[in-house]
């Protein structure tokens, strides 16, 4: 395990154990290191995390902004968040009755203070600042990304993109 001030956490990992990561889940399983409902907080000290993995978990959280503020609290400056969420134009985003949040390419901009200022959104007094450093798509069909005009298809058709993969960097 890493030093207590350089933690790597895997949120909602369940039975998936990743070497070097602390697995946090609300279900007690042999692979879970910390049992916690992350929608109510993350039981780690401020500025202790250098990397977060959150694969197919954010869509289950009732208040994404609250969780992002909590992640900002526990993360060190320049920490990386690697997030995978169902794409809002994917049937998979809506067919699961436990999904309560939906994500577009632009969703994560709302956690960036520069974006909030540029868009003149004074009501967004979020206590965080993340920069989107990478964004990519997982397509339903292998090779789809090589189809001409796939970005146009993505805008107008459903079930082209299965999920978004987003990397955020913590700015403190």
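Each reported figure results from applying straightforward, stated rules to the coordinates on display, with no laboratory input. Being a predicted model, the structure only gives us computed values, none of them experimental. Note: ideal-geometry Cβ built from the backbone for every residue, glycine included; neighbour counts use all protein chains shown.
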Q: List 103, 108, 94 from most exposed to least, where exposure is judged by having the fewest other Cβ atoms within 10 Å.
A: 94, 103, 108
Q) Taking only DSSP H segments of four or more residues, each worth -39500 (n - 2.57), what value at 222 nm results for the chain once the sum is divided by all its residues, to the nearest 500 deg cm²/dmol? A) -4500 deg cm²/dmol
(Q) For Cα pairs less than 8 Å apart in space and 6+ apart in sequence, what is the mean separation divided by the residue count of region 1-83, i.e. the relative contact order in percent? (A) 28 percent
Q: Run the numbers on the chain and let me know its relative contact order in percent, using alpha-carbon pairs under 8 Å that are six or more apart.
A: 21 percent
Q: Could I have the simple spin-label model distance between residue 169 and residue 63, label points 7 Å from Cα toward Cβ, reported in nm to one decimal?
A: 3.0 nm
Q.
Can you give me the C-alpha center-to-center distance between region 118-137 and region 1-74, rounded to a whole angstrom?
A. 21 Å
Q: Sort largest first and round to whole Å: the equivalent ellipsoid semi-axes of the chain, each the square root of five times a Cα gyration tensor eigenvalue.
A: 27, 21, 15
(Q) Give me 25, 37, 66 sorted ascending by neighbouring Cβ count inside 10 Å, so fewest comes first. (A) 37, 66, 25
Q: Would you mind checking the tilt of helix 64-74 against the longest principal axis of the Cα atoms of the chain, expressed as 0 to 90 degrees and rounded to 10?
A: 40 degrees
Q) Taking neighbour counts of Cβ atoms within 10 Å as a proxy for exposure, in what order, fewest first, do 90, 28, 136 appear? A) 28, 136, 90
